Structures are given as structure tokens and as C-alpha cells.
1. Listed residues G90, G65; which is on the phi > 0 side of the Ramachandran plot and among the small types (G, A, S)?
2. Which of the residues that make up the stretch 63-73 are over 17 Å from E28 (Cβ atoms) and part of a strand (DSSP E or B)?
3. Need pairs with beta-carbon distance below 7 Å; first residue in contact (Cβ under 8 Å) with a residue 24 or more places away in the chain and closer than 16 Å to I38 by Cα and within the stretch 72-93, second aliphatic (A, V, I, L, M) and assigned to a helix (DSSP H, G or I); sequence gap 6+ or separate chains.
4. Taking only pairs six or more apart or across chains, which ones have beta-carbon atoms under 8 Å, a first residue in the stretch 53-66 that is closer than 16 Å to L37 by Cα, and a second residue that is of a type in the set (S, T, N, Q) and part of a strand (DSSP E or B)?
5. For the stretch 74-85, indicate whether the set of residues that are assigned to a loop (DSSP other than H, G, I, E, B), surrounded by 14 or more Cβ atoms within 10 Å (Cβ to Cβ) and out of contact with any strand residue (DSSP E or B) (no Cβ under 8 Å at 6 or more places or on another chain) is non-empty.
Amino acid sequence: MPRIPTTQLPPYPIGGSASEQDGPPNGERRLLNRDALISKGVTYSRPHLWKLVEAGKFPRPIKIGRINFWVEAEVNQHIDRLIAERDRKGRAA
């Protein structure tokens with residue numbers, strides 16, 4: 001089965017209500033596969049990524065078929081937390 005680049009995947013609707021801070025309107029969520037994580041700068045190795053997920057330090061993926069997908073808004077929140085942590089450490093030094 002050929003891989004579909006994430007840029008070609010339409011937003012996948014996931015239940016629940018959405019607000020502006022949660023992501024796109026109408027409850028739509030953009031899902032990221034492993035390749036899309038890498039393109040966003042999340043270059044953890046697979047084993048390290050799963051250690052972070054198990055420790056609760058990285059968002060848990062959802063599984064569709066045999067493929068894991070991460071909700072883009074959750075990955076963005078993770079990146080924002082890393083930036084905030086860096087900034088706090090920079091001020092403390």
C-alpha cells in the first residue's frame with residue numbers, strides 16, 4: 001500500500017466540540033503521521049518517541065488501521081511547552 005504524504009490528507013474530523021484555541025472549526029483536526037512529525041522538527045528516534053509517550057511527555061497518538069497519527073494541535077502544544085521551558089531556563093541563568 002503506497003504511503004500518502006500528509007500534505008494530501010484532508011483534516012480528519014474527530015468528535016467533540018472545537019474552539020478557536022483547539023484548532024480548526026467544526027471539530028476538524030489535522031493529523032500528522034511520523035513523516036509529518038519529522039517535517040515539523042520532531043526528530044526523536046522511534047524508541048525515544050515511545051518512551052516520551054509512555055512517560056506522558058509527548059502526546060499519545062491515535063491509530064487508524066496500522067498507522068499512528070498525532071493530532072497537530074497537541075504536537076504544537078508540546079513544542080510550545082519546550083519553547084517556554086527554554087525561555088524560563090534562559091532567564092534563570
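Where a number appears in this text, it was derived from the coordinates with a stated rule and is not lab data. Since we're looking at a predicted model, the values are computed, not measured. Here the Cβ is made from the backbone with ideal geometry for all residues, glycine too, and neighbour counts use every protein chain on show.
1. Details: G90 fails: on the phi > 0 side of the Ramachandran plot.
Matching residue, one of G90, G65: G65.
2. Within the stretch 63-73, the subset over 17 Å from E28 (Cβ atoms) is 63, 65-68.
K63, I67, N68 - these are the residues of the stretch 63-73 that are over 17 Å from E28 (Cβ atoms) and part of a strand (DSSP E or B).
3. Sorted first by the residue in the stretch 72-93, then by its partner, the pairs are V75/L37.
4. P61/N68; I62/N68
5. Applying the first criterion (assigned to a loop (DSSP other than H, G, I, E, B)) to the stretch 74-85 yields none.
No: zero hits.
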